[in-house]
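The numbers here are math on the coordinates, done by the rules we state, and not lab data. Being a predicted model, the structure only gives us computed values, none of them experimental. Neighbour counts are summed over all protein chains in view; Cβ atoms, including those assigned to glycine, are modelled from backbone coordinates with ideal geometry.
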Amino acid sequence: MPKIDIEAVEIRTGSSYPAPHGAAMAGRRQQRLGDAAGLTQFGVNLVRLAPGAMSSLRHWHERQDEFLVVTAGQPTLVDDTGETPLAPGDCCAFPAGDANGHHLVNRGETEAAFVVVGTRTPDETGWYSDLDMKVEVTGGEMRYTRRNGTALGSP
């Protein structure tokens, strides 16, 4: 099945973020195109952002590269250097280990969309630039904690 029937790929909403952070993902929809095609070495997602929505909390990965290409709308890249307006055809790359927290925000009046490709590793640590939070992934299981490893919500 070389051609992917995008209309047949499940649309996912919501987030794996712990409360109350998951609510920040309202207006984001994604389709796991790589999974639909049986890819195992890297992930490929089509992400759509309603006006006012964001792609994720600002984050960076220790072991996983990310690459994206904007396909529709005018999202804004927000990272440690500031804000960069994007348009269809623009590409962004986030190398593993680069502690430049990033995400996209749709400040426009129409839907924005992009395709993001990322490395799949069995274990990963991700850091959230604007929160005292990190995620550790071990064998596909996600565990969110404070940056120092203590439980979220603990004093």
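Some points to look at:
- Residue satisfying all of: in the range 121-150; of a type in the set (D, E, K, R) and buried (at least 17 other Cβ atoms within 10 Å of the Cβ); nearest to Asp80 (Cα to Cα) among these: Lys134
- Pairs with Cβ under 6 Å, 6+ apart, first in the range 87-102 and farther than 19 Å from Leu131 by Cα, second part of a loop (DSSP other than H, G, I, E, B): Ala87/Gln74; Pro95/Asp65; Ala96/Arg63; Ala96/Gln64; Ala96/Asp65
- Selection within the range 105-155 - in a loop (DSSP other than H, G, I, E, B), in contact (Cβ under 8 Å) with a residue 40 or more places away in the chain and either farther than 17 Å from Ser55 by Cα or not hydrophobic (A, V, I, L, M, F, W, C) (or both): Asn106, Arg107, Gly108, Glu109, Thr110, Glu111, Arg120, Thr121, Ser129, Asp130, Leu152
- Long-range neighbours under 6 Å by Cβ, at least six apart or interchain, first residue within 22 Å of Met25 (Cα to Cα) within the range 1-13, second hydrophobic (A, V, I, L, M, F, W, C): Val9/Ala36
- Looking across the range 57-76, the residues that are without any contact (Cβ under 8 Å) to a residue 60 or more places away in the chain, of a type outside the set (Asp, Glu) and surrounded by fewer than 20 Cβ atoms within 10 Å (Cβ to Cβ) come down to Phe67, Val69, Thr71, Ala72, Gln74, Thr76.
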